[in-house]
Amino acid sequence: MMMVMMMVLVASPLPRLLAATIIIIVIIIIVTIIIIIIIIIIIIIIIIIIIITIIIIIIIIIIALTQQGDVKT
């Protein structure tokens with residue numbers, strides 16, 4: 001990534017301002033992508049926590065029902 005930025009700055013016939021603008025836009029795009037990925041990861045973690053909680057509640061309910069009933073083991 002840094003190599004691309006250096007090539008844009010050095011090798012390109014573009015004015016430095018335009019080159020700098022391109023680099024800033026690229027950085028903003030990268031940051032946006034990273035933020036989106038982080039948000040997706042957080043959502044996935046929340047969904048996993050909700051699923052685990054539901055499973056635990058179901059297990060507790062099953063245990064409670066079997067404890068109440070006559071368990072012959």
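The values are calculated or read from the model by the stated rules, or taken from the named source; none is laboratory data. In this text the structure is predicted, and so the values were computed from the model without any measurement. All Cβ positions, even for glycine, are placed from backbone atoms using ideal geometry, and neighbour counts span all protein chains on display.
Counting just the residues of the range 41-73 that are among the hydroxyl-bearing types (Ser, Thr, Tyr) and surrounded by 10 or more Cβ atoms within 10 Å (Cβ to Cβ), which one comes out modelled with the highest pLDDT?
My answer is 53.
Assigned to a helix (DSSP H, G or I), of a type outside the set (A, V, I, L, M) and at pLDDT 90 or above, is that true of residue 32?
Yes: the conditions hold for residue 32.
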